[in-house]
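Here's the structure we're looking at; comments come further down.
The values are calculated or read from the model by the stated rules, or taken from the named source; none is laboratory data. Values in this document were obtained by computation on a predicted structure and should not be read as measured data. Note: ideal-geometry Cβ built from the backbone for every residue, glycine included; neighbour counts use all protein chains shown. Each accessible area value is taken on the protein alone, full model and side chains, heavy atoms only, with ligands, DNA and RNA left out. Shrake-Rupley method; radii C 1.70, N 1.55, O 1.52, S 1.80 Å.
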Amino acid sequence: MTAEEVKGEQGAQDMEGIDISPKGDRGVLKEIKKEGGGSETPMIGDKVSVHYTGWLLDGTKFDSSRDRKDKFTFDLGKGQVIKAWDIAVASMKVGEICQVTCKPEYAYGASGSPPKIPPNAVLIFEIELFDFQGEDLSPEEDGGIIRRIRVKGEGYSKPNEGAVVEVLIQGSHSGRVFDERDLRFEVGEGEGLGIPPGVETALQQMEKGEEAVLYLKPRYGFGSAGHERFQIPPDAELQYEIKLKSFEKAKESWEMNSEEKLEQGALVKERGTQYFKAGRFRQAIIQYKKILQWLEHESGLSEPEAAKSKALLLAASLNLAACYLKLGEHRPALEHCNKALEFDASNEKGLFRRAESYMGVNELEAAKEDLMRVMQLYPGNKAARAQLTQCQHRMRAQHQREKKIYANMFQRLAEREEKESAKVPKDSAAPEDVEMSDGTEETQPSAATGGASPEV
């Protein structure tokens, strides 16, 4: 040891506090200056907000968020701060103020952090914890899936769509445990087992061995339908405790050759159709989208392979449109109809479903054009004829509404002009030629030359 290291080691041994280092080597000592409130402490991945001040052993202050009047935030346990901080802050409660003394190996080590922190420096921090909140895993970052990690997992690999996972789950609502199972299933197939979509989304962000707590808003739980078997009411918020025991990843698109993609495409198409017939449209969408992911940009196919690929892509696009129509989501339905019609511009289902989508977003002229084309190409399509009648009825009703709106608008304008005219005294109407005080004449612009109010 160098003289500096010996001095630092002795200084750390002299400091008071409870040893909270994982190894029990007095590397991180903590002394509570002010007790916090509640019983919860931050977990791995939580975003924490603190104030801090840091000193060297000789009392030199090297940094302070209080001096900057700006709280410091970081994600706990993600290596964004020195080890001592990840250890110490994980033990704190909201409102707590503590003093933390850390050996160099839990701080900046042999390199230090020039120019303020020398090599092998023992550091002292005063930390106050203000707030912590879990990590938002929801696709739209709307706070719908909040994860808090109790136990960090191993490695960096995570399950993907289609991976086979082994999990231990415990679901609760309002303090009542409604589901406790040890399961093995394929990610994307959970709905049939009573697994809400938020759990499947979270699983794709977890590592092997990870134990986490999930807080799900209704949209990512059982939604407005609730769950009869679990006795979950509509629009219920749920809490799940999940342990990801193990998983086997599904092959990614780049790991499959063209033959495998075509083979798997046919399988997931059949699976999607089963889900569709069962009314499980979200699950069907997951399956059909795999086909687009695997084949949409596949190149170098032989002529027979290209024909199979086109047929699968056309079917997937048409079926996606049908799923979204069933869900009342007309914009994505329209998008997939357009994709289908790129493969076959005269496709009967593509044109008809696009007309339905247009009607859903109230683009009636476009819907009418598609329906007329369906009837021209497929005269026996009675559904198109009925839909056209409905479309024309809506167009007439819309025209009548617009006509009434404009009539009312012009009537109000006319009434306003009449009121304005009534306010002007009859003898105050200025002639076009007005005699000026100096005897000269000024010609006022007449209505004919643009002096009147602009036309409405």
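Some points to look at:
- Residue match in segment 209-224 (condition: more than 27 Å from LYS249 (Cα to Cα) and modelled with pLDDT of 95 or more): yes
- Every residue from segment 379-392 that is surrounded by 15 or more Cβ atoms within 10 Å (Cβ to Cβ) and either among the aromatic types (Phe, Trp, Tyr) or under 21 Å from ARG331 (Cα atoms) (or both): ALA384, GLN387, LEU388, CYS391
- Criterion applied to SER299, SER317, SER309 was being over 22 Å from LEU388 (Cβ atoms), open to solvent by 50 Å² or more (accessible area, probe 1.4 Å) and polar (S, T, N, Q), and the one residue passing it is SER299.
- Subset of segment 324-359 that is within 17 Å of ILE291 (Cβ to Cβ) and of a type in the set (Phe, Trp, Tyr) - its residue that is surrounded by the most Cβ atoms within 10 Å (Cβ to Cβ): TYR324
- Here ARG68 clears all of (1) surrounded by fewer than 18 Cβ atoms within 10 Å (Cβ to Cβ); (2) touching a residue at least 24 places away in the same chain (Cβ under 8 Å) except the condition numbered (2).
- Criterion (part of a helix (DSSP H, G or I), among the basic types (Lys, Arg), out of contact with any Asp or Glu (no Cβ under 7 Å at 6 or more places or on another chain) and farther than 30 Å from MET359 by Cα) met by exactly one of LYS269, LYS261, LYS289, LYS308: LYS308
- For segment 231-264, residues that are hydroxyl-bearing (Ser, Thr, Tyr), touching a Lys or Arg at 6+ places or on another chain (Cβ under 9 Å) and buried (at least 17 other Cβ atoms within 10 Å of the Cβ) total 0.
- Selected residue (only one of GLY194, GLY198, GLY190 is open to solvent by less than 20 Å² (accessible area, probe 1.4 Å), without any contact (Cβ under 8 Å) to a residue 24 or more places away in the chain and more than 30 Å from SER65 (Cβ to Cβ)): GLY190
- Count of segment 360-375 residues, restricted to those that are touching a residue at least 24 places away in the same chain (Cβ under 8 Å), open to solvent by less than 50 Å² (accessible area, probe 1.4 Å) and more than 15 Å from ALA322 (Cβ to Cβ), is 4.
- Residue identified as surrounded by fewer than 15 Cβ atoms within 10 Å (Cβ to Cβ), basic (Lys, Arg) and at pLDDT below 95 among LYS34, LYS23: LYS23
- Residue that is more than 30 Å from LEU314 (Cβ to Cβ) and charged (D, E, K, R), where the choices are GLU207, GLU191: GLU207
- Segment 48-167 holds strands (runs of 3 or more DSSP E) entirely within its bounds, and those carrying 2 or more residues that are acidic (Asp, Glu) and modelled with pLDDT of 95 or more map to 123-133.
- Residue within segment 204-218 that is touching an Asp or Glu at 6+ places or on another chain (Cβ under 6 Å), within 16 Å of PHE178 (Cβ to Cβ) and part of a helix (DSSP H, G or I) present: yes
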